[in-house]
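I have placed the structure first, in the form of structure tokens, so that the comments after it can refer back to it.
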Amino acid sequence: MPLVSIAMYVTSEPLADATAELWSFLRHYLLNAGLQDLPEELDQTVPYDEAWLRPDLLLSQACGYPFARSLRGRVRLVATPVYDHPGCDGPLMRSFIVVRKDSPLRSLADLRGTTAAINSPDSNSGSNFFRAAVASLAGSGRFFGRIIETGSHRGSIAAVAEGRAESAAIDCVTYANIRRFDPGRLQAVRVIAETPKGPGLPFITSGDASEETVILLRHALDAAIREPSLAAARATLGLVDFAVLSEDDYATLLSLAGDALPQMRA
């Protein structure tokens, strides 16, 4: 049975339910198109990043920077979701840089020498966009005084709110989801800047997938956007379309920050 793991924006129950409803529709579409033995439910046992290179992968959502750095040529790019949240621009997205609400920090320049929280070093929205935002201020030297790794955007927000870090870059889709479904997490922080933008989190399939399978998956995603019965699920996800980008579109993420900063690591 092929693996289907869509686990990037499912941290609250409404999002998880809407994503499950989306897969249920996609499954029926794909079954009717001739694919066989598809799982009824999304996999919740395989870590999301381990699913990306599984040979039995049918569909998953990857982070843009790992896709550009290590997945291109090893998986196949299916489509990029288009969200209507603030900070999104078609299939492009950015991050919001947050500080404590009572912090004296007002600009990116004020972050020099402070502690930054990142969810992981290879995160596009939590690390790569952050680097790009401060690259012009760093010159050839180190910008932040210290970097801590939290494991998630929610963890980075908590680190800022609790004073363990002065700032963090939060994926605009995640920020919108938290604002709608868990707004208390944002009460202690405020946005001081936006990062540059780049391609959002792509849907991918196995590198061994045929062109026929890739096209079929794209047709299924397109049908999900047009399906009236999924209107509420799409609204919950903030999902309005899918765009087909190229691998070259994602390659731009590798040079977004230029050579001004070393890789952000805790």
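Note down the relative contact order for the chain as a percent, whole number, built from C-alpha pairs under 8 angstrom at least six residues apart.
Relative contact order here is 32 percent.
Using Cα pairs under 8 angstrom and six or more residues apart, how large is the relative contact order of the range 18-103, in percent?
Across the range 18-103, relative contact order equals 14 percent.
Give me the number: length gained by fully extending ASP17 to GLU162, i.e. 0.36 nm times residue separation minus the C-alpha to C-alpha distance, one decimal in nm.
49.2 nm
May I ask for the percentage of alpha-carbon pairs in the range 1-150 that lie more than 22 Å from each other?
53
Mind ranking GLU162, GLU211 by accessible surface for me, highest first, 1.4 Å probe?
Highest to lowest solvent-accessible surface, that is GLU162, GLU211.
State the antiparallel share, in %, of DSSP beta bridges confined to the chain, rounding to the nearest 5.
70
Sorting check: for 214-227, 27-40, which peptide has the highest mean count of neighbouring beta carbons within 10 Å, and how do the rest follow?
214-227, 27-40
In square nanometres, what is one fourth of the surface area of the convex hull spanned by the alpha carbons of the range 144-260?
Mean projected area of the Cα convex hull: 10.1 nm².
Counting only protein heavy atoms and using a 1.4 Å probe, what share of the accessible area of the chain belongs to carbon plus sulfur, as a whole percent?
48
So for the pair ASP102, LEU137, with labels modelled 7 Å out along Cα→Cβ, what separation do we get in nm?
Using points 7 Å along Cα→Cβ, the separation is 2.3 nm.
Applying the Karplus parametrisation 6.51 cos²θ - 1.76 cosθ + 1.60 with θ = phi - 60° to the phi angles of the range 40-54, what ³J(HN,Hα) value in whole Hz is obtained for each residue in order, glycine and proline being reported as x?
So the J values, rounded to whole Hz, are 6, 10, 5, 6, 10, 9, 8, x, 4, 7, 6, 5, 4, 9, 5.
Could you tell me which of rounded, prolate or oblate describes the range 1-52, using a ≥ b ≥ c as the square roots of the eigenvalues of the alpha-carbon gyration tensor, with rounded for a/c under 1.5 and, failing that, prolate when a/b is larger than b/c and oblate otherwise?
The shape class here is oblate.
Can you give the net charge of the other residues whose Cβ lies under 9 Å from the Cβ of LYS197, counting K and R as +1 and D and E as -1?
With Lys, Arg at +1 and Asp, Glu at -1, the neighbours total -1.
Work out how much length SER246 to GLN187 would gain on full extension: take 0.36 nm times their residue separation and subtract the Cα-Cα distance, in nm to one decimal.
In short, 17.4 nm is gained.
Note down the net charge around MET1, summing +1 for each Lys or Arg and -1 for each Asp or Glu among other residues with Cβ under 15 Å from its Cβ.
Residues near MET1 contribute -3 overall.
Filter the DSSP H helices in the chain by two things, a Kyte-Doolittle mean of at least 1.6 and an axial alpha-carbon span of 27 angstrom or more, and list the hits by number.
Flagged H segments: there are none.
The values are calculated or read from the model by the stated rules, or taken from the named source; none is laboratory data. All values reported here derive from a predicted model rather than from experimental measurement. Glycine also receives a Cβ, built like all others from the backbone with ideal geometry; neighbour counts cover every protein chain displayed. With ligands, DNA and RNA removed, areas are computed over all heavy atoms of the protein, side chains included. Shrake-Rupley method; radii C 1.70, N 1.55, O 1.52, S 1.80 Å.
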